[in-house]
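The values are calculated or read from the model by the stated rules, or taken from the named source; none is laboratory data. Treat the numbers as computed from the prediction; the structure is a model and nothing was measured. All Cβ positions, even for glycine, are placed from backbone atoms using ideal geometry, and neighbour counts span all protein chains on display. To get the accessible areas, we keep the full protein, side chains included, count just its heavy atoms, and leave off ligands, DNA and RNA. Shrake-Rupley method; radii C 1.70, N 1.55, O 1.52, S 1.80 Å.
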Amino acid sequence: MKKSPFPKVGQTTIFPISLKLLAIFVLLLTLSNFATNVVNSFLARAQIIKLNNTIMVSQLKDIYTAAGNQFQIFTFTGKKDESVAAIYNTAKRGFEMPNSIALAFDRKGHILFCASATPLPAEEEKSEKSQPSLNENSTEFSDSLALQTMNERFDEGNSDGVLLFSSDMGQYYGVYKYQEDWECFFVRAELRSDTMRTNNMLFGIISIVIVFIVIGFLLAGIFMFRRILRNVHKITSDLYEMQQNQKLSLIDLSDSPNDDVTYLAASFNSLSSTISNLLGIFQKFASRDVVAKAYKEHQIRLEGSQQNLVMLFSDIKSFTYRTETLGNDIIDLLNVHYDKVIKRVHENSGVIGSIIGDAILAIYGTRNSENKSLDALTSAWEITRVTAELRSRMIERRAKIEQERTLTQAEERIYQAVLIDIGVGIDGGTVFYGNIGSDEHMTNTVIGDNVNSASRLEGLTRIYKLPVIVSGYIKNEIEQAGITKYKFFEIDTVQVKGKTEGKKIYFPLDTESDANPPEIEAKFAIYEKALGAYYAGDWNTARSEFKKCGIEASEVFLDRIGKGNAPENWSGIWTMQTK
């Protein structure tokens, strides 16, 4: 059996795409050489201009020499007109183009003489022109800009050079040299259009030919390359889509030829599957913004910054009892709970900062969000609702069982253990957010007083018997945005342990929720009236109003004030004794 010169993957021979590209390259190289030879004909134009310059320099040299000789004759005879006429006759020799010109003028532009191959008729000289007139009867060199340039060069020590100037015939190019005896610039110039006319015509014809040739070869090249590299285009399109979505996937190779590009794509698919698995694992252990940054920058650094963020802290109440009752089964209960909680956090543009046993810290403001406080509060109420739904299912389950029999004592304990309830505290402000640790092990975290405050607010939900408690920061940011869905009721002013100032706390009532009874706002209105009396030290009024409001949080104040009166120097601030 004859051995194939190309490698194989299984029974499939891999043909190097370089051979295909090489064949096309040889073809295009042959065509490019032909095109280069055509282009070289255009370069002759530059040589013509260069040759004209050489001729004009030679003629200017003759004029310059004649001017020097005639100045000596003028000095001897005193006949200036005859000397200038002699220079004029010398300058006019050798004109080959219809608009060749030679002239001399002083630094102010006064023309000494002007010789042209075809003098203008008198009637044309007097007609209106778009450019300043320049002919044998001219007395002034009227291109002031060119004159200024020549004078500037002369002042810098350059008495000769090339020159571009305009006239009624068009633009002239030429050479000049300053003649010290006559104190004039001597110029030999040609009309650019005379020089370029023939070349332009030839250039136009060849340009048209090249355009058609290029279009033909371009179409042929596009057809060949698209056919040969169609698989490359498909692969790059898939890769581009992955880059845009920031998500690895597999390249479709169902209709791909058996070449090394397909083999490369197949290798990529294998690598993509491995990386996707690792990325999926990594994403489960890190917050989404960290994963996105790592995917984009291909590294994770120990870094962080001060940011204005909102922190949500949620904790399961009576967790110790539930752990003692359920044992290892508590893990299954937590997973069911966190599956719903984390989903709500992510849906509302939040990231998970940490999970500590029965508590979860969510952070808002690290991802694109119009109002981070609103996102956090929406998450809080959704978390409480899904937790309530879980309790409802447990209650329904118990009811079905009790239709057949009564729960045993052990089953009752388990039932009470799975009826989980949570509290949510939310606060916001400037905190440190980033990665801390070492190059061997690091964690993404948020540090600051407002983080601790969110945890304290969650603890207060147990005291005031409220599902969600927020700070004034959350209240202000939502109200300033003009959001009316939530109505905030002040609950108390507390001083957390380790702080010297009191902080107002609020209950955010969801006014659009069907779960709230119609009279709830009226009850909170009475509660706030009682709270105002409590702050003012009028505990008798406060006591009476708290009893009427029907809000569970009022029991805290009734126990706190008892039957007594406000103490002296009453500030209205309750100091927390525990963290």
>> Going through PHE557, PHE489, PHE546 one at a time, which residue ends up being in contact (Cβ under 8 Å) with a residue 12 or more places away in the chain and either small (Gly, Ala, Ser) or over 26 Å from ASN452 (Cβ atoms) (or both)?
In response: PHE546
> For ASN135, which of the numbered conditions (1) modelled with pLDDT under 90; (2) open to solvent by 20 Å² or more (accessible area, probe 1.4 Å); (3) assigned to a loop (DSSP other than H, G, I, E, B) fails to hold?
Replying inline: (2)
>> Which of the helices (runs of 4 or more DSSP H) found entirely inside the range 408-524 contain at least 3 residues meeting this: under 31 Å from the mean Cα position of the chain (by Cα) and closer than 24 Å to GLY353 by Cα?
In response: 472-480
>> Given the criteria touching a residue at least 12 places away in the same chain (Cβ under 8 Å) and either open to solvent by less than 60 Å² (accessible area, probe 1.4 Å) or under 24 Å from ILE422 (Cα atoms) (or both), does GLU528 qualify?
In response: no
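One line per residue, one yes/no per condition, for (1) buried (at least 17 other Cβ atoms within 10 Å of the Cβ); (2) under 20 Å from PRO467 (Cα atoms); (3) in contact with a strand residue (DSSP E or B) (Cβ under 8 Å, 6 or more places away or on another chain):
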{"residue": "ALA359", "(1), (2), (3)": "no, yes, yes"}
{"residue": "ASN368", "(1), (2), (3)": "no, no, no"}
{"residue": "THR378", "(1), (2), (3)": "yes, yes, no"}
{"residue": "GLU389", "(1), (2), (3)": "no, yes, no"}
> Filtering the range 537-579 down to residues that are farther than 18 Å from GLN495 by Cα and basic (Lys, Arg), which residue is least open to solvent (accessible area, probe 1.4 Å)?
Replying inline: ARG543
>> Given the condition of a type outside the set (Val, Ile, Thr), surrounded by 15 or more Cβ atoms within 10 Å (Cβ to Cβ), modelled with pLDDT of 75 or more and touching a Gly at 6+ places or on another chain (Cβ under 8 Å), answer yes or no: does some residue in the range 142-149 qualify?
In response: yes
> Which residue pairs have Cβ atoms closer than 7 Å, lie 6 or more positions apart in sequence or on different chains, and pair a first residue in the range 62-79 that is part of a helix (DSSP H, G or I) with a second residue that is open to solvent by 70 Å² or more (accessible area, probe 1.4 Å) and of a type in the set (Lys, Arg)?
Replying inline: PHE74/LYS80
> Of all residues in the range 329-388 being more than 34 Å from the chain's Cα centre (by Cα) and in a strand (DSSP E or B), which is nearest to GLY425 (Cα to Cα)?
Replying inline: ALA359
>> Residue pairs, Cβ under 8 Å, 6 or more apart or interchain, first in the range 184-206 and farther than 17 Å from GLY161 by Cβ, second of a type in the set (Ser, Thr, Tyr) and modelled with pLDDT under 70. List them.
In response: LEU202/SER41; ILE206/SER41
>> Quick test of your reading of the structure: ARG153 fulfils all but one of (1) more than 52 Å from the chain's Cα centre (by Cα); (2) over 27 Å from LYS80 (Cβ atoms); (3) at pLDDT 90 or above. Name the failing condition by number.
In response: (1)
> In the range 85-99, how many are under 17 Å from PHE141 (Cα atoms) and in contact with a helix residue (DSSP H, G or I) (Cβ under 8 Å, 6 or more places away or on another chain)?
Replying inline: 1
